[in-house]
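Note sheet for the following structure.
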Amino acid sequence: MQWVDCTDERHGEAILAIFNEAIVHSTALYDYEPRTRAQMTSWFEAKRAGGFPVIGVESEAGELMGFASYGTFRAWPAYKYTVEHSVYVHAAHRGKGLGPQLMQALIRAAQDQGKHVLVGVIDASNAVSIRLHQALGFTHAGTVRQAGFKFGRWLDIELYQRILATPTDPQDG
């Protein structure tokens, strides 16, 4: 197993497959249609432009087993120290402890970048993700009832946050 900084060229197809499996089979993503390769390229461009990490873990054979990233929480300047994160593990590699490892790598990246708050927006029925966040020191910050509609039903989201000790010298502007 090795940790990598994911790139569109090397990992775009694998991340696209992980996203699309989640879109089609779960409420982990509230998209209706599988994403396209062009959308994946735009996603990577936005991550790069924002200076946001895309951290992956590969098998010894070079297969992407999972990835984690964060991005803009809200697009106003005063939110610059808060990010919304996500973690996805390929279906064949779930239950092997990769989720917590990816989250811990993401927390370290956020600290290194001087972020202050990590926010997870989790489908309320995703008990595994909620337990993962709780185990890593995230606290429940609220519920938005009927925030989404997918698979013929209303979906609630749970907000979980972790406040970091960084940055050491936050600034306005």
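Taken together, the values in this text are just the output of simple stated rules run on the coordinates, not laboratory data. A quick note: this is a predicted structure, and the numbers were derived from the prediction, not measured. For neighbour counting, all protein chains shown are included, and Cβ atoms are generated from backbone atoms with ideal geometry for every residue, glycine included.
Listed values, structure above:
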| item | result |
| --- | --- |
| Amide N proximity, the range 108-130 versus THR168 label position 7 Å along Cα-to-Cβ, cut-off under 16 Å | 111-116 |
| Local net charge near GLY137, Cβ-Cβ under 14 Å (Lys/Arg +1, Asp/Glu -1) | +3 |
| Label-reachable residues, the range 58-76, where backbone N falls under 19 Å from a point 7 Å from ARG48's Cα toward its Cβ | 68-72 |
| Burial ordering of LEU64, LEU155, fewest other beta-carbon atoms within 10 Å first | LEU155, LEU64 |
| Net charge contributed by nearby residues that have their C-beta within less than 13 Å of ILE15 (K/R +1, D/E -1) | -3 |
| Whole-angstrom gap from the range 1-35 to the range 61-77, using each part's C-alpha centre | 10 |
| Global geometry of the range 123-173, whether rounded, prolate or oblate, following the gyration tensor of its Cα atoms and the 1.5 cut on a/c | oblate |
| Prolate/oblate/rounded label for the range 84-143 (Cα gyration tensor, a/c 1.5) | oblate |
| DSSP bridge orientation in the range 2-163 - percent antiparallel, rounded to nearest 5 | 90 |
| Gained length - TRP154 relative to ASP31, 0.36 nm times residue gap less alpha-carbon distance | 42.9 nm |
| Helical mean residue ellipticity (222 nm; -39500 (n - 2.57) per DSSP H run of 4+; nearest 500) of the chain | -10500 deg cm²/dmol |
| Positive minus negative residues near GLN161 (Lys, Arg vs Asp, Glu; Cβ under 13 Å) | 0 |
| Förster radius 22 Å - calculated FRET efficiency between ALA92 and ARG131 (Cβ-Cβ, nearest 0.05) | 0.55 |
| Prolate/oblate/rounded call for the chain, Cα gyration tensor, a/c under 1.5 rounded | rounded |
| ALA124 versus GLU63: modelled label distance in nm, points set 7 Å from Cα along the beta carbon direction | 3.6 |
| Total charge dipole magnitude, the range 1-158, about the Cα centre, Cβ charges on Lys, Arg, Asp, Glu only, Debye to nearest 20 | 460 |
| Footprinting exposure proxy for LEU106, LEU16 (fewest neighbouring C-beta atoms within 10 Å first) | LEU16, LEU106 |
| Most mobile listed residue (HIS133, HIS25, HIS116) in the chain, GNM with C-alpha springs under 10 Å | HIS25 |
